[in-house]
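In what follows, a single structure is set out as structure tokens and then discussed.
The values are calculated or read from the model by the stated rules, or taken from the named source; none is laboratory data. What you see is a predicted model, and the numbers here were worked out from it, not measured in a lab. In this analysis, Cβ positions are derived from the backbone assuming ideal geometry, glycine residues included, and neighbour counts consider all displayed protein chains. In case anyone asks, the SASA skips ligands and DNA or RNA and just uses the protein heavy atoms, side chains included. Shrake-Rupley method; radii C 1.70, N 1.55, O 1.52, S 1.80 Å.
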Amino acid sequence: MERHHRIFNQITELLQKKLGERIKVYEENGSQYLELTDSPFWLMIDKSEFTVGYGLNHTHFSESYNNLEDGIIQAFDLLTNTIKTTEYIKGKTVYKVTTEIEFPNSQLINIGTSAFLVYPFWKKTKIKNSLSEKIIEKKEIEEDVHFILNER
């Protein structure tokens, strides 16, 4: 079993232990998905990549990209910090969404921006910010995360 598959399985076991039935895991078209009910957080693995997502925004991680550890950290940062989502709206169309992790020191890290090409560009832009509270306390999973990060 490849490392990104083992990591996905370890994260799944940890989250099922901590969050129970809120975790949904399924397979589709040769890829495995993990979703958290009542949250835009999700994970996915396929034959070569580990993908961490929050709503539309997502990042691909892989051993071949030499960033798999960054993916593990990002997944747990999304679960243990407040997430700020900014929607840019013209008329009734959300044409751009930015997702940022807000750390306890108020530092924001942008994890992605999704934009759509077709929207009513002539209308006035409204900006809507929303905050999603952390899903789990960092101290509850710190040891497990260190184990997953150091597993080879």
Next on the checklist: Condition (residue is in contact with a strand residue (DSSP E or B) (Cβ under 9 Å, 6 or more places away or on another chain), outside any loop (DSSP other than H, G, I, E, B), more than 30 Å from LYS47 (Cα to Cα) and open to solvent by less than 70 Å² (accessible area, probe 1.4 Å)) applied to region 112-124: is it met by at least one residue?
Outcome noted: no
Checklist entry - Is there a residue in region 62-84 that is open to solvent by less than 40 Å² (accessible area, probe 1.4 Å), outside any loop (DSSP other than H, G, I, E, B), out of contact with any Gly (no Cβ under 9 Å at 6 or more places or on another chain) and more than 23 Å from LEU149 (Cα to Cα)? => result no
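Does region 85-99 contain at least one residue that is open to solvent by less than 60 Å² (accessible area, probe 1.4 Å), part of a strand (DSSP E or B) and of a type in the set (D, E, K, R)? First the steps, then the outcome.
If we filter region 85-99 for residues that are open to solvent by less than 60 Å² (accessible area, probe 1.4 Å), which is where we start, we get 85-91, 93-95, 97-99.
Restricting the remaining residues to those that are part of a strand (DSSP E or B) gives 85-90, 93-95, 97-99.
The next check asks that each one be of a type in the set (D, E, K, R); those that pass are 87, 90.
Within region 85-99, one or more residues are open to solvent by less than 60 Å² (accessible area, probe 1.4 Å), part of a strand (DSSP E or B) and of a type in the set (D, E, K, R).
For region 7-57: of the residues being surrounded by 14 or more Cβ atoms within 10 Å (Cβ to Cβ) and among the basic types (Lys, Arg), which is farthest from GLY112 (Cα to Cα)?
LYS18
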Item to check | Test: ILE109 is open to solvent by less than 90 Å² (accessible area, probe 1.4 Å), of a type in the set (A, V, I, L, M), modelled with pLDDT of 95 or more and not in a loop (DSSP other than H, G, I, E, B) | outcome: yes
Checklist entry - Do any residues in region 4-15 that are without any contact (Cβ under 8 Å) to a residue 60 or more places away in the chain have Cβ atoms under 7 Å from those of residues that are of a type outside the set (D, E, K, R) and surrounded by fewer than 16 Cβ atoms within 10 Å (Cβ to Cβ), where the two are at least six apart or on different chains, and which pairs are they? => result THR12/VAL25
